[in-house]
Amino acid sequence: MPDIITVRIQTDSDSFQEVVVKIERPTHKKPFLGGFRNMSTGVEFHNAGSQTKPKKRPDKGIQLFCKETQTVVDKNKRQQTRNTTSTQMTKIGLYVSNMTDKLISPGKYFTAEEYHKRRLEAVIVIQKYFRRWYAINLVQNLKEQKRLRLAWEAQEELQKKREKEEKLRREYERKLNPKTKEDFELLYHDLELWVQEETEQINRTLTGAERKAALCALLEEETQLIACIGMHKLDANVENQQKAILQLLEFYKLFLKCAQPRRWKAFDGKITEMDTQNTLRGKELLEIYRSISTKDIPKDERTSVLFTLKCTVKEHECKLTQEIVALIDREVDLMSREVKECNLEGLRKRICTLFLQYIKIPEINPEVAGLLKVPQDPLQLYKNVYFCHSCENYLPSTEFPIPANSHTIGRCRSCYQLDNEARQREAYLKYRLILENLRKSEVDYQDNSKIVFLVQLPDLQYLIENIWNYQSALSAYSDLYDLVMVRWDKQHQWSPWNTILLTKEEADAHLKLCNLEK
């Protein structure tokens, strides 16, 4: 059907009128309202609804929802009790006891307002008891948290006290039995502090000839103390020599490692071993070393072992092998002259030591090349060797401290240490600990921080003394053992203008800050 149709309407008996009708399409499907069917013709007729557009309700600005009404469905049903009961009343000729009867009387009537008031009062009582219980639990939790906090603070304080006492004890032990350069540095620093105090006291209390005599006595006492420290140095050098011998024994363990076969774990968990040409060479040298270091063996066996050693070292002609061969010939000659075993111990130890040096040559024992820390070829070190104008020695670059403001290579570390012991007598132990902690923390950032590795101990000492005045920027705590240097802004690399001196606890809290301005 088109949207517009023309309908012809008869107005009178002989007049007609055409009316234009606009068809409105339905926006929804019309409901089925019933109908009927002509039984003779079979035509179906449906009841039609109004085709006019329904009147739209005015919009009140409030969203309305349809709500269905639910009514109670009543249903009557007869039931029969399981047990047939009856009530017996008293009558003439029948007595019923009323001993178990109860008298029921109606209670006091109360209105709905009184009922709700009772409920409200009961709710208030419940709220009071609940709030009391909640408050008691809250206070108990706060007390427990406070107790745990105070116990933790006491434990931390005790731990700090123990660490400080342990530090002082170790420092006292180091001063009492000095062994390293840092220990003697502390001794010279304490000596300088003592000399300064005594000098100030003499200048403050004495004048004239008495002052000069006291200063001379002080100088004499200082000289004796320096001599005493020198004696301790000699003892420490003897111990260091013993440690060098132990390091030689450690190299023997390294030698054992060279002779071990290659091992790897298979998929089934079994260990597979394989001997290479280099490990077999290491085993051969190890057997020779064990043979020449064995004591209390017959002369014939000793001679055979020395002959095997001589044939082995002659494979590589050099100054070291010539010296070993000469010592072997000397021992064989002495054994032929019936020299006692005790007189040959020094010679045999020398042969073992030189043979260990022979083993350390990578051309002879290729397996040891990957285990040595120092390259055996001196040509690899020529580019990093510098001349010290103070001691006039050629030393590697690691022996020269380079301050931040230096332009040339100056004196070596030994010369700096000797000058410090003779003049300033500064102790850099505390600054060294701060610098080591700073470098470790910078390595953890993994942002290629470089300035911190160029800073030397005198530079750090200048920063702490002149910029931070030996104390924390927050709490003014002045024990350098408990102070650390960290970044001021952790988003940028460490530098002298991006640093702050704090205690360890303050530094941990500072690094947790996200916005420094706030």
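The values are calculated or read from the model by the stated rules, or taken from the named source; none is laboratory data. Everything quoted here is computed from the prediction, not taken from an experiment. Note that each Cβ is placed from the backbone with ideal geometry, even for glycine, and that neighbours are counted across all protein chains shown. Heads up: the accessible areas ignore ligands, DNA and RNA and are worked out on the full protein's heavy atoms, side chains in. Shrake-Rupley method; radii C 1.70, N 1.55, O 1.52, S 1.80 Å.
Figures for the structure shown
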read-out	value
Residue check for Phe65: more than 60 Å from the chain's Cα centre (by Cα) and at pLDDT below 80	yes
Which numbered condition Cys342 misses (of (1) modelled with pLDDT under 85; (2) part of a helix (DSSP H, G or I); (3) surrounded by 12 or more Cβ atoms within 10 Å (Cβ to Cβ))	(3)
Pick from segment 446-477, criterion open to solvent by 80 Å² or more (accessible area, probe 1.4 Å) and more than 28 Å from Arg413 (Cβ to Cβ), ranking: nearest to the chain's Cα centre (by Cα)	Gln446
Segment 260-310: number of residues that are under 20 Å from Lys360 (Cβ atoms) and hydrophobic (A, V, I, L, M, F, W, C)	6
Meets criteria (of a type in the set (Gly, Ala, Ser) and loosely packed, with under 14 Cβ neighbours inside 10 Å) for Ala427	no
Where a residue in segment 13-35 is free of Cβ contacts under 8 Å to residues at least 12 places away in the same chain and its partner, wherever it lies, is of a type in the set (S, T, N, Q), with Cβ under 6 Å and at least six apart	Phe16/Gln10; Gln17/Thr11
Residue check, Lys60 at pLDDT below 75 and basic (Lys, Arg)	no
Segment 3-17: number of residues that are assigned to a loop (DSSP other than H, G, I, E, B) and not polar (S, T, N, Q)	3
Filter result for Glu222 (at pLDDT below 90 and under 33 Å from the mean Cα position of the chain (by Cα))	no
Per-region count, segment 479-506, residues closer than 27 Å to Glu166 by Cβ and open to solvent by 80 Å² or more (accessible area, probe 1.4 Å)	2
Which numbered condition Ile361 fails, given (1) of a type in the set (A, V, I, L, M); (2) assigned to a helix (DSSP H, G or I); (3) open to solvent by less than 50 Å² (accessible area, probe 1.4 Å)	(2)
Test result for Ser40, at pLDDT below 80 and open to solvent by 90 Å² or more (accessible area, probe 1.4 Å)	no
Of residues in segment 481-506 being among the aromatic types (Phe, Trp, Tyr) and assigned to a loop (DSSP other than H, G, I, E, B), the one nearest to Ile467 (Cα to Cα)	Trp497
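So that you can scan it fast, the table gives a plain yes or no per residue for (1) over 22 Å from Tyr431 (Cα atoms); (2) assigned by the TED database to the domain that holds Ser414; (3) surrounded by 15 or more Cβ atoms within 10 Å (Cβ to Cβ):
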| site | (1), (2), (3) |
| --- | --- |
| Glu157 | yes, no, no |
| His189 | no, no, yes |
| Glu198 | yes, no, yes |
| Ile202 | yes, no, yes |
| Lys212 | yes, no, no |
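Results for (1) within 30 Å of Lys504 (Cβ to Cβ); (2) touching a residue at least 60 places away in the same chain (Cβ under 8 Å); (3) touching an Asp or Glu at 6+ places or on another chain (Cβ under 8 Å); (4) assigned to a helix (DSSP H, G or I), shown as yes or no for each residue.
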{"site": "Tyr109", "(1), (2), (3), (4)": "no, no, no, no"}
{"site": "Lys117", "(1), (2), (3), (4)": "no, no, no, yes"}
{"site": "Leu120", "(1), (2), (3), (4)": "no, no, no, yes"}
{"site": "Gln127", "(1), (2), (3), (4)": "no, no, no, yes"}
{"site": "Gln140", "(1), (2), (3), (4)": "no, no, no, yes"}
{"site": "Trp152", "(1), (2), (3), (4)": "yes, no, no, yes"}
{"site": "Gln155", "(1), (2), (3), (4)": "yes, no, no, yes"}
{"site": "Lys167", "(1), (2), (3), (4)": "yes, yes, no, yes"}
{"site": "Glu182", "(1), (2), (3), (4)": "yes, yes, no, yes"}
